[in-house]
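Asker: After the structure tokens below, expect a handful of questions from me.
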Amino acid sequence: MRRVQAEIKKVQERLKEAAWEAREKPGAYGDDFDPAVFINDHSELNGRERELSAKLREVALLSGFDPEEKQRSASYLQKDADVLYEKVTGLYDGQVEIMSIERALEEYDWLWDYWWKTVDVDADKFTAYTELYQKGGYFIRILPGAKVELPIQSCLMMSEQEGSQRVHNIVIAEEGSSAEIVSGCTTVPQVETGMHLGVTEFYVKKGAHLSFTMVHNWAENFYVRPRTGVLLEEDASFINNYILLKPVKSLQTNPRAILKGRRSRARFNSIIHGRAGSILDLGSVLELIGEETRGEAISRAAADDQAQVLMRGKLLAYSNSAQARLECKGMLLSEEARMQAIPELEVIKAPRADLNHEAAVGPISREAIEYLMTRGLTEEEATSLIIQGFMKVGIDGLPEILEKMVDEMAKSISEGGL
Amino acid sequence: MLTVEKLSVKAGERLILDEVSLTIPAGETHILMGPNGSGKSTLLRVIMGLGDLEVVSGRIIFQGRDVTKLPIDERARLGIGLAMQHSPSLPEVTLKGLAQVLGDRYKNDWRSLATALNCDYLLERGLNDRFSGGESKRAELLQLLIQRPQLLLVDEPESGVDLVNIAVVGKALHQLLKQGKIKDREHSGLVITHTGHILNYLNADQGYVMINGKLVCEGNPRDLFEEISKHGFEGCVACAECKRR
């Protein structure tokens, strides 16, 4: 036991050292800023609060978290650095584990084998800061063979002005298991600025299926740098749905899925509405290593106001029998908005791999709006129908909560006029 | 139903329609013929209120109301419907999505209409997105059958459609214009045709020939079509007896 502890200590030291070395390394993409500005005493783990007030419950609901835990199999909620929920509902005891990452690391020595394995600790200063100042994050494990029908929910909430969250999450879907996670990140209305750094590592084991839906709901002056890695074993499948509909100052993320196992599959669906002065740099990377791997990365983005939206996508094939598709489509809703799509395809010693992409950026066609108006739809209704469809067409199996969010968003855009 | 009074229309600096006048009484279907670029489609589009067209003079009266300056959607809700020659592609909007919206609005059973028009397999697809000519026309007619306009404007229903689909299109137009018993006829139509095939499916009451933005001739649509088939539109221009009465 002592030897194990000594080994863990060594690992920790090594990671801290690498992080310290990288603490000033800018991100590969996105605008640069200094994370140190948001490191202060407020965001220490203080255990002051144990319950959500009525107001905060409403905030949680907006990001898809149901505080009543109805129709949910397990729940995790962290406000700033305090863990308020870490609970599995009775029926799913023995099928799902959910707890703070600190507790999980204490309980399971083996968890260190999953710590910083799909994301490099020294990738940039944001991963470095997460390691150096990490407080909380969730550990979710779906046990072997468990078929968890009700969604697991998590929420990372921020309530402190100029504060920050630096979380490290680990999700393990054990062999043959299947589950859906709905995860929300949100701020309370009075918070105007702050920073969120979140490292999330997914391990989808042999034959497991994991669907992960992430709703981002930040404040207008927020800085956000999620870092995500997904490792898929044989016959594993992973679906990532990402939705961002609220303004945020600066958000850059480029999750990477490593399809190592034969016949593993991964799909990234992103729905983005860039608003106000948001600077968004969003992408995904699919590394198709195993034989007969399949990947899809589909983004739909609408850029409004003065928003700058950059959509990336990268497919890398190492296997001749790999197939993957990339689709970035953007709609410009204002004269001042900027949008860029950068699809990348790369084949490495696999000449028969099949990769393709489609990218398009443009305004809503006036002709299309007028066509719908000839059927009696008002200009607002026609615009809303087009935006709604644009955001959803091509994205299969969108969870109901996201469908509703997109519909409301389309309605609000068209009401505001173009 | 519809009166167009001395309507002149410009697109940019170019005069497209030059003092066009016509009247379509309730229950009547009129046919518009003319060479390419003569202004036929523009007339239909300006009645619907589409595009960047400037009405320089004249009026459009629909059911006693001056609609010349009304927005497109208001004209549609008053009862004007348009079937375009080439509908734009809307990959974002599925045919089903639009049919549902229209079905709710106009209280019509869109599902049975879709089946009758053999549109079921198109429902989940983006509107006119890689549709064939026939598919596009059937999808358009489905929308119009749900909408049930009082005045139907149809731009070349035969264009890009094979013979089998012309029959489907013809029957649907017949249904839209309620051309069953004469006494029941209330719906009116203005239909552009090049080939005349559609005349086999419609009881057309009146025909016009448009050349260079002017209506130069009118009369029995079948007689007009026969003349044009024999002598071309040049014959119309030359025909001294074909002055508008």
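The values are calculated or read from the model by the stated rules, or taken from the named source; none is laboratory data. No experiment lies behind these values; they were computed from the predicted model shown. Positions of Cβ are generated from backbone atoms using ideal geometry, with glycine treated the same way; all protein chains shown enter the neighbour counts. Note: accessible area is taken over every heavy atom of the protein model, side chains too, but ligands, DNA and RNA are not part of it. Shrake-Rupley method; radii C 1.70, N 1.55, O 1.52, S 1.80 Å.
Asker: How many lysine pairs does chain B hold where the Cα atoms are under 18 Å apart and the two sit 8 or more places apart or on different chains?
Answerer: Lysine pairs meeting both conditions in chain B amount to 13.
Asker: What part of the accessible area of region A:248-359, given as a whole %, is carbon or sulfur when the probe is 1.4 angstrom?
Answerer: It is 40 percent, rounded to a whole number.
Asker: Given a Förster distance of 51 Å, report the FRET efficiency between B:Cys239 and A:Asn320 from their Cβ-Cβ distance, rounded to the nearest 0.05. Don't skip to the answer; put the middle values down first.
Answerer: Details: r = 72 Å, r/R0 = 1.41.
It comes out at approximately 0.10.
Asker: Semi-axes, largest first, in whole Å: what does sqrt of 5 times each Cα gyration tensor eigenvalue give for region A:2-363?
Answerer: Here the semi-axes work out to 28, 26, 21 Å.
Asker: 5 Å is the cut-off here: which amide hydrogens, built 1.01 Å from N in the peptide plane, fall below it relative to A:Met99, excluding neighbours closer than 5 in sequence?
Answerer: A:Phe139
Asker: Also, I was wondering about something else. Can you work out the base-10 log of I(q)/I(0) for region A:106-164 at q = 0.14, 0.16, 0.18, 0.21 1/Å, using the Debye formula on its C-alpha atoms alone?
Answerer: Here the Debye-derived log intensity ratios amount to -0.63, -0.80, -0.96, -1.12.
Asker: Evaluate E = 1/(1 + (r/R0)^6) for A:Glu234 and B:Asn203, where r is the Cβ-Cβ distance and R0 equals 56 Å; express this FRET efficiency to the nearest 0.05.
Answerer: Computed FRET efficiency for A:Glu234 and B:Asn203: 0.25.
Asker: Which number do you get for Rg(Cα) / (2.2 N^0.38 Å) in chain B? Don't skip to the end; give the middle numbers.
Answerer: On the way: Rg = 17.6 Å, N = 245, 2.2 N^0.38 = 17.8 Å.
My calculation over the Cα atoms of chain B gives 0.99.
Asker: If we restrict to alpha carbons, what Rg and Dmax does the protein assembly as shown come to, in Å?
Answerer: 31.2, 113
Asker: Taking amide H positions as placed 1.01 Å from N in the peptide plane, with prolines and chain starts having none, which residues 5 or more places from A:Gly27, or on another chain, fall under 5 Å of its amide H?
Answerer: Here the answer is A:Lys125, since their amide H atoms fall under 5 Å of that of A:Gly27.
Asker: Still on this structure: Which value in nm describes the separation of the simple spin-label points at A:Ala6 and B:Asn212, placed 7 Å from the Cα toward the beta carbon?
Answerer: Each label point is offset 7 Å from its Cα along the Cβ direction, giving 10.4 nm.
Asker: Pop a pseudo-label 7 angstrom from the Cα along the beta-carbon direction at both A:Arg352 and A:Lys117 and give the gap in nm to one decimal.
Answerer: Simple spin-label model gives 3.2 nm for this pair.
Asker: Now a separate question. Quantify how strongly other chains surround peptide A:377-385 by giving the mean number of their Cβ atoms within 10 Å of each of its Cβ atoms. Working shown, then result.
Answerer: Numbers: counts 8, 6, 3, 1, 3, 6, 0, 0, 7.
Mean partner shielding for this stretch: 4.
Asker: Which net charge results when you count Lys and Arg as +1 and Asp and Glu as -1 among the other residues whose beta-carbon is under 10 Å from that of A:Trp115?
Answerer: For residues surrounding A:Trp115, the net value is -2.
Asker: In addition: Taking amide H positions as placed 1.01 Å from N in the peptide plane, with prolines and chain starts having none, which residues 5 or more places from A:Ala341, or on another chain, fall under 5 Å of its amide H?
Answerer: Amide H neighbours of A:Ala341: A:Met311.
Asker: A further question follows. How charged is the neighbourhood of A:Leu232? Take every other residue with its Cβ under 14 Å from the Cβ of A:Leu232, and add Lys/Arg as +1 and Asp/Glu as -1.
Answerer: Charge balance in the 14 Å sphere: 0.
Asker: Also, quick follow-up: Under a cut-off of 29 Å between alpha-carbon atoms, report the lysines in cross-link reach of A:Lys70, not counting same-chain residues fewer than 8 places apart.
Answerer: Once the sequence-local lysines are set aside, what remains near A:Lys70 is A:Lys55, A:Lys79, A:Lys87, A:Lys135, A:Lys147, A:Lys205, A:Lys246, A:Lys392, A:Lys404, A:Lys411.
Asker: Sticking with this structure for a sec: In Å², what does the accessible area per residue of region A:2-363 work out to with a 1.4 Å probe?
Answerer: Ligands and nucleic acids excluded, the result is 41 Å² per residue.
Asker: Still on this model: Report the net charge of residues surrounding A:Leu326, where surrounding means a beta-carbon distance below 9 angstrom and charges are Lys +1, Arg +1, Asp -1, Glu -1.
Answerer: That sum, taken over residues with Cβ under 9 Å, equals -2.
Asker: On to the next question. What's the center-to-center distance, using Cα atoms, between region A:287-345 and region A:197-260 in Å?
Answerer: Cα centroid to Cα centroid, the span is 14 Å.
Asker: On to the next question. Listed highest first by mean packing, meaning other Cβ atoms within 10 Å per residue, what order do A:371-384, B:102-115 come in?
Answerer: A:371-384, B:102-115
Asker: Mind giving me the FRET efficiency for B:Glu186 and B:Ser112? R0 is 30 Å, r the Cβ-Cβ distance, nearest 0.05 is fine.
Answerer: In this case the efficiency is close to 0.85.
Asker: Could you list the square roots of 5 times each eigenvalue of the Cα gyration tensor of region B:78-161, that is, the equivalent ellipsoid semi-axes, sorted largest first and rounded to whole Å? Could the numbers behind the result be given before it?
Answerer: Working: eigenvalues 61, 54, 25 Å².
After diagonalising the Cα gyration tensor, the semi-axes are 17, 16, 11 Å.
Asker: While we're on this one: Just need the relative contact order of chain A here, percent rounded to a whole number, with Cα pairs under 8 Å and 6+ apart.
Answerer: So the answer I get is 10 percent.
Asker: What is the spin-label model distance, in nm, from A:Arg23 to B:Arg105 if the labels are put 7 Å beyond Cα along the C-beta direction?
Answerer: Taking the simple label geometry, A:Arg23 and B:Arg105 are separated by 6.1 nm.
Asker: Counting only protein heavy atoms and rolling a 1.4 Å probe, how much accessible area do B and A lose on contact, total for both sides, in Å² to 100?
Answerer: Separately minus together, B and A give about 1800 Å² buried.
Asker: When the chain is fully extended, how far beyond the present Cα-Cα distance does B:Asn36 get from B:Asp66, taking 0.36 nm per residue of separation?
Answerer: 7.9 nm
Asker: In whole Hz and in residue order, list the ³J(HN,Hα) couplings for region A:325-330 that follow from phi through the Karplus curve 6.51 cos²θ - 1.76 cosθ + 1.60, θ = phi - 60°; x for Gly and Pro.
Answerer: Residue by residue, region A:325-330 yields 9, 10, 9, 10, 10, x Hz.
Asker: Just the number, please: Stokes-Einstein D of region A:133-271 in µm²/s, Kirkwood Rh from C-alpha pairs, 4 °C, 1.567 mPa s.
Answerer: Value of D from the Cα-based Kirkwood radius: 84 µm²/s.
Asker: What percentages make up the Cα-Cα pair-distance distribution of region A:1-135 when the bins are 5 Å wide from 0?
Answerer: Percent of pairs per bin, in order: 2, 8, 13, 16, 17, 17, 14, 9, 3, 0.
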